[in-house]
Amino acid sequence: MKDFKKSVIYQIYPKSFCDSDGDGLGDLRGIIGKLDYIKELGADYIWMTPFFVSPQNDNGYDVEDYYNIDPRYGTMEDFQELAAEADKRGIGLMLDMVFNHTSSHHQWFKKALAGDETYKNYYIFRKGKGPGVPPTNWESKFGGNAWEYVPEFDEYYLHLFDVSQPDLNWENEEVRREMAKIVRFWMEKGVRGFRFDVVNLISKAAYEDDYQGDGRRFYTDGPRIHEFLRELNENSFGQNPEIVTVGEMSSTSMENCFLYAGAESKELSMVFSFHHLKVDFAGNEKWVLVPYDFRKLKDILFSWQTGMAENNAWNAVFWCNHDQPRVVSRFGKEGKYREISAKMLAAAIHFMRGTPYVYQGEELGMTNAGFTEISQYRDVESLNHFRILQEKGLSQDDAYRILRVHSRDNSRTPMQWSDEKEAGFTEGTPWIGVNPNYKEINAAAQVGSEDSVFNFYKKLISLRKKYDIIAYGDITPIEANHPALLAYKRSWQGENLMVLCNFFEKELIWKPEENLKGYVKLIGNYSEESSWEDEVKLRPFETIVLYQAAE
Ligand code: TEU
């Protein structure tokens, strides 16, 4: 049985990973062909974002049928072959369960719209507050009001995401039973884990206007959330202790995560929280340009690290996913320091207490898309906000500047396999443009090259297997107020690990309180010698990780 604390999880966005049949969309057979690559990297699990039948308004997060695979991605036979081939390589598959909402194309929703009361009760229909006034003023995460009017009923349905993603009614026991059944179905197909999409939004507290915000306080970490998760656990994945689970927790609180991911609470193995990825927002407002706040980033990371540890709960640690811009473009630096800063960022989180996630292409130091035309963007959120920003009076150029930084499409450009046509992703025309820098940044160039970003990630993963302290050690932040250094110490059974990262281009000199003479270097991102004994000197974006064995 794998220990999820010693595991590393590789995330695949199937649409952009590898296309085996030339239609421009990645598919399951494409993934089969790349399993050896993932094995080479050393990952233990692959989390795949949804490939179920879907109209693809939100790239599969709008599920029409949870039991079948969208023909665009392949067949159930392909899936079983993928599971078997992954298994042969010691890799487990984790599926993405989108249970806060379905697609409006789901047969339940179609029946609901046809007036079937049983199925109307699967969703959240409410009367408006008056003619043309929705039940509450909540905002959809993708822009606009979160309620859609249905004239036939003179009622509205709730959609926290796109209008094509109606929210499910978890108060209805029947809905909860259906969800557990879906999980059991995939468990029987040999799946080893699950990621639950925005799962902390499923328990709505009250349908009231929000005069302080966009409505999230009425449905985030709601009153019955822990009960719902424990029930789902008991009726599905909890029946097999080998299954690993992670909940995507939107705008959550740490206190709730102590329970969601508590060792004793029988909810989930671990959680994704996002506060550290809002340090370049203005409050909760994403569609603005503000420089990122390094101290805030550190504060948030460290408070989650120590808070979760004190409460015996487990974090997922990550910079990247299919919703986030590329980290090297965000907190690192493109150009001269791209590789160095990509490696530093990787080390900064791989030694933290938690299970690291690597998002496809992150291990190559892939960068943001750099799109300049709206026709290059695909994501519904980007398209909506491009319009909304201009409606608010921003110039088109300013709207573009914001999209280039924040769009989710930044991470959705095709995986860069080689310097051949379309980066080796497809024989056809990719559904979204390949980043022109694929000639320089690609897997073929990196796998065999010792100094590559890929091999740095590979080494980080192998160190986790070799040194238990990385998985099990305590964590103590160091120099929490330093304006450029991120540093922490891990300790376990007399061993120590010191992780030092310079987050900026300027060279940094730091005098440690403790003399570090007894430490040896485990890994670093400069080939030239580093120095650390009485005084630590860190070059631009340098990281060094030092280890002291038990006496
Ligand atoms: O994302 C949830 C979510 O709230 C965000 O990460 C979202 O992209 C962001 O708030 C927008 O600024 C999950 C999935 O990861 C995402 O791809 C889906 O679109 C979303 O749920 C709906 O299922």
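The values are calculated or read from the model by the stated rules, or taken from the named source; none is laboratory data. Owing to the predicted nature of the structure, the values given are computational and were not obtained by experimental measurement. When we count neighbours, we look across all protein chains shown, and the Cβ atoms used for this are built from the backbone with ideal geometry, even at glycine. For the accessible areas, the whole protein counts, side chains as well, though only heavy atoms, and no ligand, DNA or RNA atoms are used. Shrake-Rupley method; radii C 1.70, N 1.55, O 1.52, S 1.80 Å.
What translational D, rounded to a whole number of µm²/s, comes out for the chain from Stokes-Einstein when the hydrodynamic radius is the Kirkwood one over Cα pairs, at 20 °C and 1.002 mPa s? The Stokes-Einstein estimate is 88 µm²/s. Surface calculation, 1.4 Å probe, protein heavy atoms: Phe503 sits at approximately 0 Å² accessible. Dipole magnitude for the chain: computed about the Cα centre from +1 point charges on Lys and Arg Cβ and -1 point charges on Asp and Glu Cβ, it is near 840 debye. Using only side-chain charges placed at the Cβ, +1 for Lys and Arg and -1 for Asp and Glu, the dipole size of region 58-137 relative to its Cα centre rounds to 700 debye.
Please determine, in degrees from 0 to 90 and to the nearest 10, the orientation of helix 294-310 with respect to the longest principal axis defined by the Cα atoms of the chain, where the helix direction is its Cα long axis. Its long axis makes an angle of about 80 degrees. Each Lys or Arg adds one and each Asp or Glu takes one away; over the other residues whose Cβ falls under 13 Å from the Cβ of Glu505, this sums to +2. Report the local net charge at Asp36: Lys and Arg +1, Asp and Glu -1, summed over other residues whose C-beta lies under 12 Å from its C-beta. Neighbourhood net charge equals +2. Scanning residues 5 or more positions from Ile478 or on other chains, those with amide H under 5 Å from its amide H are Ala487, Tyr488, Lys489, with H placed 1.01 Å from N in the peptide plane. Here the extension length gained between Thr372 and His482 equals 35.9 nm, from 0.36 nm per residue of separation less the Cα-Cα distance. Our helix-only sum for the chain, with -39,500 (n - 2.57) per DSSP H run of n ≥ 4 divided by its residues, gives a mean residue ellipticity at 222 nm of -8000 deg cm²/dmol. For the chain, the longest principal axis of the Cα atoms and the long axis of helix 225-235 meet at an angle of about 90 degrees.
About the Cα centre of region 435-551, what is the dipole size in debye to 20, counting +1 per Lys and Arg Cβ and -1 per Asp and Glu Cβ, all else neutral?
About 480 debye.
Non-local lysine pairs in region 465-532, meaning eight or more places apart or on different chains, with alpha-carbon distances under 20 Å, amount to 8. Within the same chain, lysines fewer than 8 places from Lys127 are excluded, and of the rest, those with a Cα less than 28 Å from its Cα are Lys110, Lys111, Lys141, Lys204. Rolling a 1.4 Å probe over the protein heavy atoms of region 192-273, with every protein chain left in place, gives an accessible area that is 44 percent carbon and sulfur. Distant-in-sequence amide contacts of Val244, defined by a placed amide H-H separation under 5 Å and a gap of 5 or more residues or a different chain, comprise Gly193, Phe194.
Straightening the chain between Lys517 and Ser395 buys 38.3 nm, computed as 0.36 nm per residue apart minus the Cα-Cα spacing.
The residue among Asn435, Phe51, His159 whose Cα reaches farthest toward the positive pole of the charge dipole of the chain, with charges on the beta-carbon of Lys, Arg, Asp and Glu, is Asn435.
Close amide H pairs (under 5 Å, H built 1.01 Å from N) link Tyr66 with no residue at least 5 positions away or on another chain.
Put the Cα centre of region 404-469 next to the Cα centre of region 110-135 and the gap is 45 Å.
Could you state the accessible area per residue of the chain in Å², with a 1.4 Å probe and every protein chain left in place?
38
Computed with every protein chain present, the accessible area of Thr118 is close to 80 Å² [probe 1.4 Å].
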